[in-house]
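First the structure, in the form of structure tokens, and then the observations on it.
The values are calculated or read from the model by the stated rules, or taken from the named source; none is laboratory data. As the structure is a prediction and not an experimental result, all values here were calculated from the model. Here the Cβ positions follow ideal geometry from the backbone for every residue, glycine too, while neighbour counts run over all protein chains shown.
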Amino acid sequence: MTSEGLAPLQDELTRLKHTDRPAVIKQIAEAREHGDLSENAEYHAARERQSFIEGRILELEDIISRADVIDVSKLSGNTVRFGATVTVADVESDEESTYQIVGPYEADLKKNKISVQSPLGRALIGKTIGDTAEVTAPGGGKAYEVVKVKFK
């Protein structure tokens with residue numbers, strides 16, 4: 001993953017450990033004081049939230065511990081690879097789109113970041129300017145021509 005993709009995961013982990021976890025423990029303690037736990041909706045909701053938080057903490061710790069952080073600013077060339085910002089043109093419509101190829105945990109189409117594991121990401125890897133990438137999509141096949149490759 002990129003360093004820009006790692007930072008939000010680390011921020012979320014810190015928030016969960018230092019803010020959300022203590023808050024839910026306090027909510028559980030307060031709910032216990034209300035008496036009968038078998039009919040206490042606040043208690044069950046807080047326990048469910050605690051379960052989610054603990055699961056997410058474990059997931060984030062695993063992702064972060066296994067992360068291979070790549071500094072995109074040190075990459076260069078005309079070949080599409082992880083971290084590249086690629087401008088492609090739809091072969092049929094000539095409409096251009098620009099995407100950055102990133103890891104699965106930082107992919108966000110709203111920010112034009114696609115996963116290296118996505119169909120388009122896989123099709124683009126290894127291509128150079130002028131190459132055509134064939135993508136099998138749910139709506140049928142699409143072809144994209146690589147117009148520009150850059151590394152920020």
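Summary table below
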quantity	calculated
Cross-chain or 6+ apart pairs with Cβ under 7 Å, the range 60-78 first and over 22 Å from K127 (Cβ atoms) and in contact (Cβ under 8 Å) with a residue 12 or more places away in the chain, then in a loop (DSSP other than H, G, I, E, B) and of a type outside the set (F, W, Y)	A67/M1; V69/M1
Selection count, the range 20-56, where residues are in a helix (DSSP H, G or I), exposed (fewer than 11 other Cβ atoms within 10 Å of the Cβ) and not charged (D, E, K, R)	4
Near pairs, Cβ below 8 angstrom, 6+ apart or cross-chain, from the range 125-142 (at positive phi) to any residue that is not in a loop (DSSP other than H, G, I, E, B)	G126/T79; G130/E145; G130/V146
The range 14-27 residues that are in contact (Cβ under 8 Å) with a residue 12 or more places away in the chain and within 11 Å of I57 (Cα to Cα), paired with ones that are part of a helix (DSSP H, G or I) and of a type in the set (A, V, I, L, M, F, W, C) (beta carbon under 7 Å, 6 or more apart)	L16/I53; L16/I57; K17/I57; D20/I53; R21/I53
Residue ranges of strands (runs of 3 or more DSSP E) in the range 67-141 with at least 1 members outside the structural domain of A7 (by TED's automatic domain parsing) and over 18 Å from L6 (Cα atoms)	85-90, 96-102, 132-137
I63 surrounded by 16 or more Cβ atoms within 10 Å (Cβ to Cβ), assigned to a helix (DSSP H, G or I) and in contact with a helix residue (DSSP H, G or I) (Cβ under 7 Å, 6 or more places away or on another chain)	yes
